[in-house]
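I have placed the structure first, in the form of structure tokens, so that the comments after it can refer back to it.
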Amino acid sequence: MFRALILLRRLSSQLWLRVAMFAVLAILAVAGAHLAAPLVPEALSGRFGAQAVVPVLSILASSMLAVSTFSLGTMVSVHRGAAGTATPRVLQLMIADGTTQTVLSVFIGAFVYALTALILFHAGFDGGAPLVLGVTLLVVAGVVIALIRWIGHLTTLGTLGDALSRAEAQASASLATLRRQPALGASPLTAATVIADGARDLPAPVSGVLQAIDVAGLAACSHGPVWVLKRPGAVVLKGAPIARIGGEADDAALARCFVIGKRRSYDQDPGLGLTVLSEIASRALSPAVNDPGTAIEVIGTVQRLLWDWGQADPDDGLRHPRVFVPALAAADLVEAGLAPTARDGAAMIEVVRPLLAALKTLEQSRDPDLSRAADALAARARAHAETALRLAEDRAILDA
């Protein structure tokens, strides 16, 4: 069930699924209109025949084909541009954009509807022409609304600000989930956790990146405790231990509780959103781009995210005490969001100053682990800057 839910969630973010659904609805609408032809009054059928509907359908079919092709080309160009200006990891968020998927689905669905209606009319099924005309008017209205939405959406789609907003929204949602369930609903696996001597290893079935863990499934498949050794986002190797099992259990069923793929996923990996933000900052600080303003904006964004996460009331979210999963430490979050910027922006005093100010603020967090992590990174950032800054005046500003 867990794998099915993960698959359904990922399918719902795919463009082709929504397009296919709109296409099926279009075919059903045409078929329903023709099947309901006997219900249409003869006077209405004589006034609105096939000759009144076919020209409109021909225009709709030809125009929607052109608009769909152009829109798909625009979407591909925007995605490639975003991968070049921001980071390739943001593509997962852009592909799942609901507005883009809905608009393209309306365009392609309208094309399929018009083409199907034309085929039926030319095949001699013209009894439901008045109903087809009514549905056509609704389709045209939907296309006009979709065009207006598409024009407004294109003004920001694929821009650097759009990429930052998507990454921030995803990171915020992931961090909120992490605060509610720091160990995915299991008991935290820490250095103080005692693993039974008789526990046996559960090898990873394939090599890849651990994307999600079915904690409830692990609890149901084992009669004893389960110590998970990896957290989503970590690399696992085939045959290497991914967990340790105490007591009798179905190893094959336990292995199916781990979703392993080729790349990191946002499902249970809060650090990925912060990593995307830091990658955007690192690309902006590269000599080819030289855009410290974007890096400063990312610093402010990460600061807000970590501050809100630290201020939120913690919740152990413990639902399966017999399962142990490593908790994501505050130091890992700070490292993912700000450490690359501390290294790549060390030679720019205009970047170092807001970075140190952000870390100084995070040191005052209610969360003691976050406070200590920010203090440790501040010392490293200062050391990076002292080594990279060439002018004594800049180093004096740093000291001040």
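The table below lists the values:
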| read-out | value |
| --- | --- |
| Between 0 and 90°, nearest 10: helix 368-388 axis offset from the chain longest Cα axis | 80 degrees |
| Under 5 Å, built H, 5+ apart or other chain: amide partners of ARG244 | LEU202, TRP227, VAL228, LEU229 |
| Three-way shape label, the chain, alpha-carbon gyration tensor, a/c 1.5 | oblate |
| Burial order of peptide ranges 331-340, 189-198, 290-299 (average beta-carbon count within 10 Å, highest first) | 331-340, 290-299, 189-198 |
| Relative contact order %, segment 186-261, counting alpha carbon pairs below 8 Å whose residues are six or more apart | 43 percent |
| Gained length - LEU5 relative to ARG372, 0.36 nm times residue gap less alpha-carbon distance | 128.4 nm |
| Hz values of 3J(HN,Hα) by residue in segment 293-300 - Karplus curve (6.51, -1.76, 1.60), Gly and Pro given as x | x, 5, 4, 5, 5, 5, 4, x |
| Relative contact order (%) - criterion: Cα under 8 Å, at least six apart; region: the chain | 16 percent |
| Residue-averaged [θ]222 nm for the chain, counting only DSSP H segments that reach four residues, each worth -39500 (n - 2.57) | -21500 deg cm²/dmol |
| Stretchable slack from ALA141 to LEU35, in nm (0.36 nm times residue separation minus alpha-carbon distance) | 35.8 nm |
| Segment LEU391-LEU65, extension gain: residue separation times 0.36 nm, minus the distance between their alpha carbons | 111.3 nm |
| DSSP-defined beta bridges in the chain - what % are antiparallel, rounded to 5 | 65 percent |
| Calculated FRET efficiency for the pair ILE27/LEU154, C-beta based, R₀ 22 Å, to 0.05 | 0.15 |
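Every number here is computed from the coordinates shown, using simple stated rules; none is lab data. Predicted model, so just to flag it, every value in this text is computed and none were measured. FYI the Cβ positions are ideal-geometry reconstructions off the backbone, even for glycines, and counts take in every protein chain you see.
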